[in-house]
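Enquirer: After the structure tokens below, expect a handful of questions from me.
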Amino acid sequence: MHRRPESSSRFPGEYSWLVAGAVGAGESYAEAARRELREEMGVRASVRPLFTFLCRGELSPYWFAVHEATVGQEQIAPQAAEVAWHGWLSGDELRDAMASWKFVSDSRDAYHRYVRLATDRPR
């Protein structure tokens, strides 16, 4: 979980459970996910695709691909220009935060899709 800096041009001071950014020309979703993780959180890790959806966010409709990576807390070295605060939340704490904290809209949309995906997965 992280909070964007108040000086951010988009969604200042809002929270996100995702590291996100635009896909560059000629870049795959997975390459972009790895790059954004490295640029924002200082982490080099492999990513696994989860789902893609048409996000009708505040900026405009755009395709949004969600990947996941497993990292340890000791690996994270966030960039101050991108991250004002970061911390670890349990699943229950994240659910509670979603109900009361101001989240970037596409982060909130992706969270609800992620929860549905987890619920729909065979066990």
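Enquirer: Across every pair of different alpha-carbon atoms, what Kirkwood hydrodynamic radius in Å does the stretch 1-111 reach?
Expert: 14.5
Enquirer: What share of all Cα pairs of the stretch 54-108, in percent, falls into each consecutive 10 Å distance bin?
Expert: 16, 40, 41, 3
Every number in this text was worked out from the coordinates using simple rules, so none of it is lab data. Note that the structure is a prediction, hence the values are computed from the model and not measured.
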